[in-house]
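Have a look at the structure below before the remarks.
The values are calculated or read from the model by the stated rules, or taken from the named source; none is laboratory data. Bear in mind that the values here come from a model prediction, so they are computed numbers and not experimental data. As a convention, Cβ positions derive from the backbone with ideal geometry for all residues, glycine included, and neighbour counts pool all protein chains shown. To get the accessible areas, we keep the full protein, side chains included, count just its heavy atoms, and leave off ligands, DNA and RNA. Shrake-Rupley method; radii C 1.70, N 1.55, O 1.52, S 1.80 Å.
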Amino acid sequence: MADPSANQATIAGTQAWIRRQGRWSPYEIAFWIAVFVPFFFFPTYLTLASQIAIAALFALSVDLILGYAGIITLGHAMFFGLGAYAAGLLTKTGWGEPLTGLLISGAFVALVGFVVSFVIVRVQHLALLMITLGLGLLTLELANAMSWLTGGTDGLQGVSVWPIFGTFDYDLWGYTAYSYTLAVLFVGLLIARRIVHSAFGLSLRGIRENLNRMPAIGAPYQRRLQVIYTISAGMAGVAGALLTQTTSQVALDVLSFQRSADVVVMLILGGTGRLYGGIIGAIIFMVARDQLAGINPQYWYFWIGILLMIVVLVMPKGILGFLAQLWERIRR
């Protein structure tokens, strides 16, 4: 029979380890100080910076299920696009308050994600990949066919968002948009940190590493996968709603496979299973796309492909994974 005192010591040690992992590192603090640099040194790039913050939140939502829970997806743009359309349609009903619109859109998409999760948790590997891809393509075609609601290929027009707190209107240079998206990204990161650095987050890593062993230790893995999938869907919906609110329009490509593929590329570049991997990947991808598109608007994705191949071959765990390994070697 197991010694109760030994079990309590194990539990206490695990909780202490989780608390240590959840502490803010100097690198994190430095990163969040650095995000204010565009305000002072690159004011003409604030619009791009707001788009990067939205892409980073979207990548963070995908990393919760792909990097931590091991749920492979190629159709997460479905939730991003639903959030974008939900926020746009809400303003067309006459309610343009951004914060409540963000919450309503996120809650609606989380509900959709909860319904979809009953299918997702029952399949694995290639079947999971095909189902997520199929759901994404199906949603895209439905949005295109329901042009009376979504605007079809013309996009959803007439989106009117009220000033934030009734005071801060969206300016031409993007100061309000960047501040708003940055604040939402920070809140999203706080939520993700709380999830990852908890017993629940630890169980998700166990599911990712060995799904078959989790039921043997009494962990209801399907329920936990449903919870994280629902949270991830809601976070992706918030990212899509942010795009609508900051651009005052919704294009059909918010549901496209290209957007789903782009966010996976961001994660591969930055490193999956790392809170800041998606954020760093989004920064690299969006800045590279902006610069390369300016040089060659037609073939910029060719150079993104070259960059992706280099990262995969030289840094298989992504840029953050490579830096972590390098730092460990230096310490040794």
* To do: Summarise the accessible area of the chain (1.4 Å probe, protein heavy atoms) by the percent that is carbon and sulfur.
  => 67 percent
* What whole number of Å gives the distance from the Cα centroid of region 23-95 to the Cα centroid of region 177-198? -> 9 Å
* Calculate I(q)/I(0) for the chain by the Debye formula, one identical point scatterer on each C-alpha and no solvent, and give its log10 at q = 0.06, 0.10, 0.15, 0.16 Å⁻¹ to two decimals. => -0.22, -0.61, -1.34, -1.50
* Asked: Label-point separation (nm) for Gln249 and Phe36, each offset 7 Å from Cα along Cα-to-Cβ?
  -> 3.4 nm
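Go ahead and run the numbers for FRET between Ser160 and Arg223, Cβ-Cβ distance against an R0 of 45 Å, rounding to 0.05.
With R0 = 45 Å, the Cβ-Cβ based efficiency is 0.65.
Quick one: accessible area per residue over the chain, 1.4 Å probe, rounded to a whole number of Å²?
Details: 17110 Å² over 332 residues.
I get 52 Å² per residue for the chain.
Tally Lys and Arg at +1 and Asp and Glu at -1 over the other residues with C-beta under 15 Å from the C-beta of Leu128: what net charge comes out?
Computed value for this residue: +2.
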* For the chain, set up a Gaussian network in which alpha carbons nearer than 10 Å are linked by springs, and say which option among Gly206, Gly83, Gly234 fluctuates the most. => Gly206
* **Residue among Leu66, Leu135, Leu292 with the largest mean-square fluctuation in a Gaussian network model of the chain, springs linking Cα atoms under 10 Å** => Leu292
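Between Gln124 and Tyr27, what is the FRET efficiency for a Förster distance of 35 Å, r being their Cβ-Cβ separation, to the nearest 0.05?
Values: r = 35 Å, r/R0 = 0.99.
According to the calculation, E is roughly 0.50.
Excluding Asn296 itself, calculate the net charge of residues whose Cβ lies under 15 Å from the Cβ of Asn296, where each Lys or Arg counts +1 and each Asp or Glu counts -1.
Residues close to Asn296 contribute a combined charge of 0.
Keeping all protein chains in place and using 1.4 angstrom, which order do Glu209, Glu97, Glu141 fall into by accessible surface area, from largest down? Intermediate values should be presented prior to the final figure.
Values: Glu209 130, Glu97 35, Glu141 110 Å².
Putting Glu209, Glu97, Glu141 in descending order of accessible area: Glu209, Glu141, Glu97.
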* Provide the gained length on full extension for the span Phe302 to Arg205, in nm with one decimal, where the gain is 0.36 nm per separating residue minus the Cα-Cα distance. => 31.5 nm
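Hey, can you rank 47-55, 121-129, 85-93, 236-244 by average C-beta count inside 10 Å, highest first?
Values: 47-55: 23.6, 121-129: 13.1, 85-93: 21.3, 236-244: 30.2.
Going from most to least packed, we get 236-244, 47-55, 85-93, 121-129.
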* Rank by packing, highest mean first: peptides 24-32, 252-260, 73-81, 159-167, with packing defined as the count of other Cβ atoms within 10 Å averaged across residues. => 73-81, 252-260, 159-167, 24-32
